[in-house]
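**Student:** Just dropping this structure here.
Laboratory data are not the source of any read-out in this text; all were calculated from the coordinates shown. Values in this document were obtained by computation on a predicted structure and should not be read as measured data. Here Cβ is always computed from backbone atoms with ideal geometry, including for glycine, and neighbour counts include all displayed protein chains.
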2 protein chains.
Amino acid sequence: MGDPARTLALLWRHEVPLPARRGPRPRFSVDDVVDAATALADADGLEALTMRSVAERLGVSAMGLYSYVPGKDELLDLMLDAAHLAMPRPPWRGGQGWRERVAAVADANRALFAAHPWAAWVSSARPPLGPGTTAKYDHELAAFDGTGLADVELDAALTFVLGFVRGVARAGESEPEQDAAWWAESGPLLAQVLDVDRYPRAVRVGAAAGEAQGAAYDPGAAYRFGIERVLDGLEALVARGS
Amino acid sequence: MGDPARTLALLWRHEVPLPARRGPRPRFSVDDVVDAATALADADGLEALTMRSVAERLGVSAMGLYSYVPGKDELLDLMLDAAHLAMPRPPWRGGQGWRERVAAVADANRALFAAHPWAAWVSSARPPLGPGTTAKYDHELAAFDGTGLADVELDAALTFVLGFVRGVARAGESEPEQDAAWWAESGPLLAQVLDVDRYPRAVRVGAAAGEAQGAAYDPGAAYRFGIERVLDGLEALVARGS
DNA sequence: CATAAACTCCGTACGCTGTATAGTGTTCCC
DNA sequence: GGGAACACTATACAGCGTACGGAGTTTATG
């Protein structure tokens, strides 16, 4: 889409120096736009984030945003990088083992998606390599200190952990109320059509899972189960000595 | 959105018996519509799948589709269930261990997303509990026979495996050509801004990973790395004896 | 056999999206 | 003071899903 160099310059706020600029002074900063968009997406979700809605929140016409941002995709990149920059990066204490640290990384990302559910849905094809994402990457890599993993495996391991957390965040976007209504309306027909003889395991396990978590999918349970598997899986790799 | 009961009836093809129907005979079956939409999405991606494009492929006006399908969301549900139904379900042989079988489940899902990349992107909030998805669920649960896991854990384990494969499929949607152009245009500015002293691990590991896989993300490598971690993680759970 | 109901299918239209384009007014450099 | 660069606006366009009203076809019912 847009010009990568322009996007990168924007991410790192490489602006033209102020005294050299002509024309009326901008009423906002790029961060004002990013903050307005983030507040909107936090409150009402990505589908409510339109150029018009952001513009209205700032008291500007829709096209006025394009003085600050090349387009919506770039705005989303800026939002994500800003959210990454705002994440806490407590220094890893020596007493912690890598497993404890990586678990903390996962928890921090889960908290990110809890605060900004939209963040799980912005494209990862072209990661916004801005100051936030870079600092996050560096900090999270440090959590693996002591594992003895080679650099390539380090990246793979972190990608694996982050992919898991993001997957859970993406899967947990349905509303519990709607879930209940869905089951109420679908139950009778489902009971009629789900033949226990044809699908013995599906019926048995599906019923058990549905009853245990009160819904078809429980993000909390999926996270608690999955993060242990993720860490155990990494532990096997580390124990094997790279 | 739509009526869940209507959607379910459609998924299971609970139609009104033919002789009792008035009006002109439908020119197509629901499967004709689903197949046309699937062919389109396979060839040109989800963003090319519009009600108008599906209709044109069938030689019908856009609104004509609504005789067969309540809306686009339901069409996507039908497409996904049909794709699930078409997956091979070879009987698990006794000689296989559960690890081998679960790896086969993961491979089969990876093949599904290779054939139908759009399938990784249809909403999982309301899984289309049709004949395909149900048969797939039942068959994949059977892969865990011998693990001794309780029903709730069985569902969690399968969800964990499928979530991983889907995450890799979703992440691997960027074009390699665009990747190269992106790096070429971004490289100079990135080199200037990525301070080795501020982000020592990020620069080192990022460079190693980028060089090793020739791109910021290599789905094949991510899958091969991740599936071993997933299976190791499950193995730790199984070894622990539930 | 006529009529009404049910059905397929079409054309038009609406509100919504991101953003291209043209134009207006402000500010600074020369 | 003139011209260039800039912020900002209003209008417009193509594309989306789909609501609506109507036309034509088939069948059940009086």
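**Student:** Mind checking which of B:77, B:107, B:44 has the largest fluctuation in a GNM of chain B, springs on alpha carbons under 10 Å?
**Tutor:** Ranking B:77, B:107, B:44 by mean-square fluctuation puts B:44 first.
**Student:** Let me ask something else. Averaged across the residues of A:156-167, what count of C-beta atoms belonging to other chains lies within 10 Å of each residue's C-beta? Before the final figure, lay out the partial values.
**Tutor:** On the way: counts 10, 3, 2, 10, 10, 1, 1, 9, 8, 1, 4, 12.
Averaged over the peptide's residues, the number is 6.
**Student:** May I pose another question? Could you state the number of Å between the C-alpha centres of segment B:71-121 and segment B:1-69?
**Tutor:** 22 Å
**Student:** Now a separate question. So what is the orientation-averaged projected area of segment B:4-83, using the convex hull of its C-alpha atoms, in nm²?
**Tutor:** On the way: hull surface 21.2 nm².
With the hull built on Cα positions only, its mean projection is 5.3 nm².
**Student:** Taking only DSSP H segments of four or more residues, each worth -39500 (n - 2.57), what value at 222 nm results for chain B once the sum is divided by all its residues, to the nearest 500 deg cm²/dmol?
**Tutor:** Details: 10 runs with 149 residues, N = 242.
When only DSSP H runs of four or more count, the value is -20000 deg cm²/dmol.
**Student:** Near residue B:136, which aspartates and glutamates are there with a Cα under 12 Å away, not counting those fewer than 8 places off in the same chain?
**Tutor:** Here the aspartates and glutamates satisfying the reach criterion relative to residue B:136 are B:81.
**Student:** Pick out, from B:157, B:142, B:193, the residue whose Cα sits farthest towards the positive end of the charge dipole of chain B, with +1 on the Cβ of Lys and Arg and -1 on the Cβ of Asp and Glu.
**Tutor:** Result: B:142, furthest along the dipole toward the positive end.
**Student:** Could you work out how far apart the two model spin labels at residue B:89 and residue B:66 are, taking each label as a point 7 Å from the Cα in the direction of the beta carbon, and quote it in nm?
**Tutor:** For residue B:89 paired with residue B:66, the spin-label model returns 3.5 nm.
**Student:** Provide an ascending nm list, one decimal, of label-point separations from residue A:188 to the equivalent residue in each further copy; define each label point as 7 Å from Cα along Cα→Cβ.
**Tutor:** 7.0
**Student:** Taking the label point 7 Å from Cα in the Cβ direction, how far apart in nm is residue B:59 from each other copy of itself, listed shortest first?
**Tutor:** Listed shortest first, these distances are 6.0 nm.
**Student:** Something else: Take peptide A:206-214, look around each residue's Cβ out to 10 angstrom, count Cβ atoms belonging to other protein chains, and average those counts.
**Tutor:** Values: counts 7, 1, 6, 8, 2, 2, 6, 3, 0.
Per-residue shielding by partner chains comes out at 4.
**Student:** Roughly how tilted is helix A:98-115, in degrees to the nearest 10 and between 0 and 90, from the longest Cα axis of chain A?
**Tutor:** 70 degrees
**Student:** Roughly how large, in nm² to one decimal, is the mean projection of the convex hull of the alpha-carbon atoms in chain B?
**Tutor:** Numbers: hull surface 74.4 nm².
Mean projected area of the Cα convex hull: 18.6 nm².
**Student:** Taking the mean number of other Cβ atoms within 10 Å as a proxy for protection, how do you rank B:2-14, B:160-172 from highest to lowest? Could you put the intermediate results ahead of the total?
**Tutor:** Numbers: B:2-14: 17.7, B:160-172: 22.8.
Ranking, from highest mean packing down: B:160-172, B:2-14.
**Student:** Which residues in segment A:145-159 place their backbone N less than 18 Å from a point set 7 Å from the Cα of residue B:207 along the Cα-to-Cβ direction?
**Tutor:** A:150-156
**Student:** How many nanometers, to one decimal and shortest first, lie between the label point of residue B:73 and those of its other copies, if labels sit 7 Å from Cα toward Cβ?
**Tutor:** In nanometres, ordered from closest: 2.8.
**Student:** Could you work out the mean count of beta carbons from other protein chains within 10 Å of each residue's beta carbon in A:141-150? Show your work: numbers first, answer last.
**Tutor:** Details: counts 7, 3, 1, 2, 1, 0, 0, 0, 1, 3.
Counting other chains' Cβ atoms within 10 Å and averaging over A:141-150 gives 2.
**Student:** Now a separate question. Could you go through segment A:229-238 in sequence order and give the Karplus-derived ³J(HN,Hα) for each residue, using 6.51 cos²θ - 1.76 cosθ + 1.60 with θ = phi - 60°, rounded to whole Hz, and x for Gly and Pro?
**Tutor:** 5, 4, 5, 4, x, 5, 4, 4, 5, 5
**Student:** Mind checking the full-extension length gain between residue A:100 and residue A:196? Use 0.36 nm per residue of separation minus the Cα-Cα distance, one decimal, nm.
**Tutor:** On the way: separation 96, 0.36 × 96 = 34.56 nm, distance 4.31 nm.
The residue A:100-residue A:196 span can extend by a further 30.2 nm.
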